[in-house]
Amino acid sequence: MTNTIHILVGTTSGNTEALADHVQEILESHELSTEMHYEPTFDSLPKSGVWLIFLATHGAGDYADSMLDFYDVIAEANAPLLPDLSYAVCAIGESCYDTFCEAGRHCDEQLSILNATRLFERLEIDMMHDDPEQKATYWINQSIDKLRSYPHQ
Ligand SMILES: Cc1cc2nc3c(=O)[nH]c(=O)nc-3n(C[C@H](O)[C@H](O)[C@H](O)COP(=O)(O)O)c2cc1C
């Protein structure tokens with residue numbers, strides 16, 4: 001049994017990667033072990049323990065490029081159930097779009113439908129108005145105890 005938090009990165013132009021790297025540094029500074037997945041495919045991920053997902057919305061409400069393959073699997077009608085998984089989602093977008101943060105919202109809801117456990121509430125970051133690092137830092141610092149006490153696998 002290891003204590004690894006798996007950080008999934010859904011990005012097209014890199015903003016989300018920088019944010020996920022920043023949060024990884026915070027987690028490591030709290031002596032939590034992490035593993036980055038910059039192009040997460042469903043098959044390559046452990047199906048138990050914790051996923052922390054940073055996902056930008058692109059297109060018209062679509063997943064960012066690095067998680068399109070992941071989307072194809074979890075959005076299928078017969079997608080595999082994930083009863084041993086816990087997760088939290090940080091959704092990134094811009095409020096000028098009608099489909100603000102829609103990919104992150106979809107991912108959060110879809111994992112819940114697949115019987116995974118939402119470890120804490122979704123954060124939505126508006127890249128037009130928010131300070132992304134400040135918001136994400138506050139969000140993750142509030143959740144350190146939950147991440148630490150969770151029996152990771
Ligand atoms: C072509 C394009 C389409 C976008 N579509 C959406 C959208 O539908 N909803 C949303 O909330 N943000 C949308 N955005 C904003 C991105 O989510 C935002 O720019 C984000 O910082 C991109 O993150 P990334 O650099 O990690 O890819 C779009 C951006 C671009 C360039």
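Quick note: the coordinates plus some simple rules give every number you see, no bench work behind them. The structure displayed is predicted, hence computed values, not measured ones. For neighbour counting, all protein chains shown are included, and Cβ atoms are generated from backbone atoms with ideal geometry for every residue, glycine included.
A compact table of results
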read-out: Kirkwood-Stokes translational diffusion coefficient of the range 78-151, alpha-carbon pairs, 25 °C, 0.890 mPa s, µm²/s; value: 183
read-out: Contour minus Cα-Cα distance for MET128 and SER44 (0.36 nm per residue); value: 26.9 nm
read-out: Under the Karplus curve 6.51 cos²θ - 1.76 cosθ + 1.60, θ = phi - 60°, whole-Hz ³J(HN,Hα) for the range 129-136, x wherever Gly or Pro sits; value: 10, 8, 8, x, 5, 5, 5, 5
read-out: Net charge of neighbours whose Cβ lies under 11 Å from the Cβ of SER66, counting Lys and Arg as +1 and Asp and Glu as -1; value: -4
read-out: The range 14-94 - Debye-derived log10 I(q)/I(0), Cα point model, q = 0.17, 0.26 Å⁻¹; value: -0.75, -1.50
read-out: Among ALA56, ALA18, ALA64, residue whose mean-square fluctuation peaks in a GNM of the chain (springs only between Cα atoms under 10 Å); value: ALA18
read-out: Built amide H within the under 5 Å cut-off of TYR63, gap 5+; value: HIS58
read-out: Lys/Arg +1, Asp/Glu -1 at C-beta; the range 4-149 dipole; positive extreme among ALA79, VAL9, ILE125; value: ALA79
read-out: Ratio Rg/Rh, restricted to the range 4-149 and using Cα atoms, in which Rh is the Kirkwood radius; value: 0.93
read-out: Computed lengthening from THR117 to SER149, 0.36 nm per intervening residue step minus Cα-Cα distance; value: 10.1 nm
read-out: Per DSSP, loop chymotrypsin sites (Phe, Trp or Tyr not before Pro) in the range 62-153 with at most 16 further Cβ within 10 Å; value: TYR97, PHE120
read-out: Lys, Arg +1 and Asp, Glu -1 on Cβ, resulting dipole of the range 74-153 about Cα centre, debye, nearest 20; value: 420
read-out: Gaussian network model of the chain, Cα within-10 Å springs - most flexible of ALA79, ALA88, ALA136; value: ALA79
